[in-house]
Amino acid sequence: MALAFDEYGRPFIILKEQEQKSRLRGLDAQKANISAGRAVARILRTSLGPKGMDKMLQSPDGDVVITNDGATILEQMDVDNQIAKLMVELSRSQDYEIGDGTTGVVVMAGALLEQAEKLLERGIHPIRVAEGYEVASRIAVDHLERIAHKFDFSEANIEPLVQTCMTTLSSKIVNRCKRALAEIAVKAVLAVADLERKDVNLDLIKVEGKVGGKLEDTELIYGIVVDKDMSHPQMPKRIEDAKIAILTCPFEPPKPKTKHKVDIDTVEKFQTLREQEQKYFDDMVQKCKDVGATLVICQWGFDDEANHLLMHRNLPAVRWVGGVELELIAIATGGRIVPRFQELTPEKLGRAGLVREKSFGTTKDRMLYIEQCANSKAVTIFIRGGNKMMIEETKRSLHDALCVARNLIRNNSIVYGGGSAEISCSIAVEAAADRYPGVEQYAIRSFADALDSIPLALAENSGLQPIDTLTAVKSQQVKENNPYCGIDCNDVGTTDMQEQNVFETLIGKQQQILLATQVVKMILKIDDVIAPSEY
């Protein structure tokens, strides 16, 4: 884009390749952007809450993903509108920061845009709308602080953590056994948490899945599960009190780097060459034996000859174990990863109380369990399920639950779910609007209306009368001054979310409101869109 002047000094704008570009300006640009943002929010709106629907997405190469995790739906969707891409980024940032609430944040942003459109049509300037939203979001975030509850949990009393994780899982496909999965998630997080520093490293929790069995068979293993088996079928399948050598060097004679050619013209030469190779290999095995290793885990492979010798020397081995898994094994067993045989010392061995191979079903699927480790800071959640999609979706659901448990360890404040927090914020924002005399007052009221869209969507997805249900709950909150009344999605018969044990993390809710407001402000400030036109 360039600015030029004609001979009378009047400015005009030159667009490069103008006939190939389309240009939207002013209110038209804002309306187009708002409708793009709302379209994305509309897709996710139906998958909000415990009765939310799932989406099925098929990639160009035929892979099918079934999910109702907002971030995953938007990641897999092919979006080419720039504003819609902002919504995708929005859900991704909620996913990175909090891990849960990815659908809610997009629905919230969509509702704010919808309200903004009405204000723009009344002739209110977009900047004033954006400023009003900013003020309202601050009021809402402060109000959340006031209605939040702190709860104390300890390693002995994990019930509050489990209840909060169950709220997260109730909107997923796995909600029929949410209790068991929530307990697994909480125990896994507590196993790797550093409670003094209030920090959790989620990389130490490995989530592994295997098709077959049922969801109820999902288990938490205090140790590592590796999708490998012993390199030789006759090696022992169970090693107690194992001392593990973790190697990143190949278990075979070295190959010369240069191009080489060995002329062997007599049987004797061949024999000596073979003996040398064998001796070299024997030394390797002997080094491992001398150090006291009873199991070798190797990043590389070894040939059949090596395998046979290892079996004869009673040194069980596992080959082709990936780098990340090696690290986790090293952390769990307290061993060191050894890059050369010369560096093996008894101190570098990892220790595990039990290493066993377990086979699944009637197939030849076997996995290696390394349990009762010296340092139980690395754990594995092992998921079973009827098909691959179920396992993948369970992994995503568990990721959300793990993140919620982590956030609660960082900051143990909760607000109540079921849309109760949003309704309470909406009432507070509405009341605060009267204090602002300018045009912003309209924007603040609109923000309060937009907050109602989350409970509305919850009621809609649960098959209730949306407007009747919302007004009933809202009036109950005002009458009883009780910020815990929410939408009774599961037909329990009470709207009190404290009784239903439906909690959400405070930082998750605050982040949702702040992120949604930021993105909406950004979209409202765009007033000129120059894009290559479609051919």
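The values are calculated or read from the model by the stated rules, or taken from the named source; none is laboratory data. None of these values were measured; they are calculated from a predicted model. Glycine gets a Cβ as well: all are built from the backbone with ideal geometry, and neighbour counts include every protein chain shown. These area figures cover heavy atoms from the full protein model, side chains too; ligands, DNA and RNA do not enter into them. Shrake-Rupley method; radii C 1.70, N 1.55, O 1.52, S 1.80 Å.
So how exposed is GLU460, as accessible area in Å² (1.4 Å probe, rounded to 10)?
Here the accessible area works out near 90 Å².
If you filter segment 371-475 for trypsin sites (Lys or Arg not before Pro), then keep DSSP loop positions with at most 12 other Cβ within 10 Å, what is left?
Working: sites: LYS377, ARG384, LYS388, LYS395, ARG396, ARG406, ARG410, ARG435, ARG445, LYS474; in loops: LYS377, ARG435.
Of the trypsin sites (Lys or Arg not before Pro), the ones in loops of segment 371-475 whose Cβ has at most 12 other Cβ atoms within 10 Å are ARG435.
Under 5 Å between amide H atoms, partner at least 5 residues away or on a different chain: which partners does CYS373 have, H built in plane at 1.01 Å?
Under 5 Å from the amide H of CYS373: GLY353.
Given the pairs LYS228/LYS509; LYS172/LYS243; LYS206/LYS521; LYS55/LYS198; LYS187/LYS348, which are separated by over 31 angstrom at their Cα positions?
From LYS228/LYS509; LYS172/LYS243; LYS206/LYS521; LYS55/LYS198; LYS187/LYS348, over 31 Å: LYS228/LYS509; LYS172/LYS243; LYS206/LYS521; LYS55/LYS198.
Just read off the accessible area of TYR484 with the full protein assembly in place, 1.4 Å probe, to the nearest 10 Å².
40 Å²
Check each of the trypsin sites (Lys or Arg not before Pro) in segment 27-95 and keep only those in coil by DSSP with at most 10 other C-beta atoms within 10 angstrom; list them in order.
Details: sites: LYS31, ARG38, ARG42, ARG45, LYS51, LYS55, LYS85, ARG92; in loops: LYS51.
Here no trypsin sites (Lys or Arg not before Pro) fit, given the DSSP loop and packing criteria.
Relative contact order for segment 309-396: what is it in percent, counting Cα pairs under 8 Å that are at least 6 residues apart? Could the numbers behind the result be given before it?
Values: 85 pairs, mean separation 20.2, N = 88.
Relative contact order, segment 309-396: 23 percent.
Name the long-range amide H neighbours of THR218: under 5 Å, sequence gap of 5 or more, or other chain; modelled H, no Pro or chain starts.
Amide H to amide H, under 5 Å and 5 or more residues apart or across chains, THR218 pairs with ARG384.
Can you run phi through the Karplus equation (6.51, -1.76, 1.60; θ = phi - 60°) for segment 49-58 and list ³J(HN,Hα) in whole Hz, with x for Gly and Pro?
x, x, 9, x, 7, 9, 10, 10, 10, 10
Explain nothing, just compute: Karplus ³J(HN,Hα) = 6.51 cos²θ - 1.76 cosθ + 1.60, θ = phi - 60°, for every residue of segment 398-403 in order, whole Hz, x for Gly and Pro.
Taking θ as phi minus 60°, the curve returns 5, 4, 4, 5, 5, 5 Hz for segment 398-403.
Evaluate the relative contact order of the chain (contact order divided by residue number), counting alpha-carbon pairs under 8 angstrom at least 6 apart; express in whole percent.
On the way: 970 pairs, mean separation 140.6, N = 535.
With pairs under 8 Å counted, the relative contact order is 26 percent.
Just to be sure I understand: of the beta bridges DSSP finds with both ends in the chain, what percent are antiparallel, rounded to 5?
Values: 42 of 57 bridges.
Once the DSSP bridges in the chain are tallied, antiparallel ones form about 75 percent.
Roll a 1.4 Å probe over the protein heavy atoms and report the accessible area of GLU275 in Å², nearest 10.
The accessible area of GLU275 comes to roughly 110 Å².
Per the Kirkwood treatment, what hydrodynamic radius in Å, one decimal, follows for the chain from the mean inverse distance over all distinct Cα pairs?
Computed over the chain, the radius equals 27.1 Å.
Compute, for the chain, the length of the dipole vector about the Cα centre, with Cβ point charges of +1 (Lys, Arg) and -1 (Asp, Glu) only. Units Debye, rounded to 20. Can you show the working numbers first?
Numbers: 66 positive and 78 negative charges, 151 e Å.
Charge dipole of the chain: 720 debye, to the nearest 20.
Would you mind estimating how fast segment 380-496 diffuses translationally, via Stokes-Einstein at 10 °C and 1.306 mPa s with the Kirkwood radius over Cα pairs, in µm²/s?
On the way: Rh = 16.7 Å.
Using the Kirkwood radius from Cα pairs, D works out to 95 µm²/s.
What is the Cα centroid distance between segment 264-342 and segment 1-69, reported in whole angstrom?
58 Å
Gap in Å between the Cα centre of segment 176-251 and the Cα centre of segment 460-478?
44 Å
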